[in-house]
1. I need the full set of residues from segment 61-90 which are among the polar types (S, T, N, Q), more than 8 Å from the ligand (Cβ to nearest atom) and either within 17 Å of THR50 (Cα to Cα) or modelled with pLDDT under 90 (or both), in order please.
2. Please count how many residues of segment 133-159 are touching a helix residue (DSSP H, G or I) at 6+ places or on another chain (Cβ under 9 Å), exposed (fewer than 15 other Cβ atoms within 10 Å of the Cβ) and among the hydrophobic types (A, V, I, L, M, F, W, C).
3. Name the single residue, out of those in segment 28-53 being under 12 Å from VAL110 (Cα atoms) and assigned to a loop (DSSP other than H, G, I, E, B), that is modelled with the highest pLDDT.
4. Name the residues in segment 24-38 that are over 12 Å from the mean Cα position of the chain (by Cα) and within 16 Å of the ligand (Cβ to nearest atom), would you?
Amino acid sequence: MQDNYGDETKRAAAAETGGPDVPAVAKMHEARHGHIKFAKSDGESVEHRTALIMDRPELPPCPACGNIANEHDDKRCDWRPGVYLPLRSVTDPSDVLCFTGNGLGARRAVAQLCRIYAREGPDRQGKSPTILLETRSFKNNAGGTTTWPVFKLIGWDYFTPGVPAPQPRPVAVPIAPPSPRPRKRGVDHDDDIPF
Ligand SMILES: [Zn+2]
């Protein structure tokens, strides 16, 4: 299933390294991933091709060049992988925004939260994870500093107060294991960081 993320992305206030500084409840059953093509000029519009992670746990290949994220050549293709996770404020359920990110760190953070959400465990009765959006930084191979988002799980709550979310189905890990083939140098420095 593919869909446009349209209006909610326009309202997106959280970028990869920013976000709510208050606890937020994550709408895991509407977390999406896919690809985005940013507008290069005023006349162009942003294009999205996304799928629900619960429906399609593996990041789909790039809709333009057909490559998977690990092998994507960002110099030749304008599309970028992206993740979208609706969040709401714990204190104000009507205060909803969408966490978005295009880097490996954002994709891994969402993947990790999906794994936690899909895990068999105590009956959470349709509750969604309550998180703090934190960041962590490390030196990358290019000599700079990379900052990744971290979702710190602090509890469980209904995304819509009193309304249980659909039961999560066990999902595979959205991030593919490292490719056995050697990577092109300089394409994705972040990939070398151990978790
Ligand atoms: Zn591409």
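The values are calculated or read from the model by the stated rules, or taken from the named source; none is laboratory data. These figures come from a predicted structure and were not determined experimentally. Every residue, glycine as well, gets a Cβ built from its backbone with ideal geometry; the counts of neighbours run over all protein chains shown.
1. Once the filter is applied, which keeps residues that are among the polar types (S, T, N, Q), more than 8 Å from the ligand (Cβ to nearest atom) and either within 17 Å of THR50 (Cα to Cα) or modelled with pLDDT under 90 (or both), segment 61-90 yields only ASN70.
2. Matching residues across segment 133-159 total 2.
3. ALA31
4. The answer is ILE36, LYS37, PHE38.
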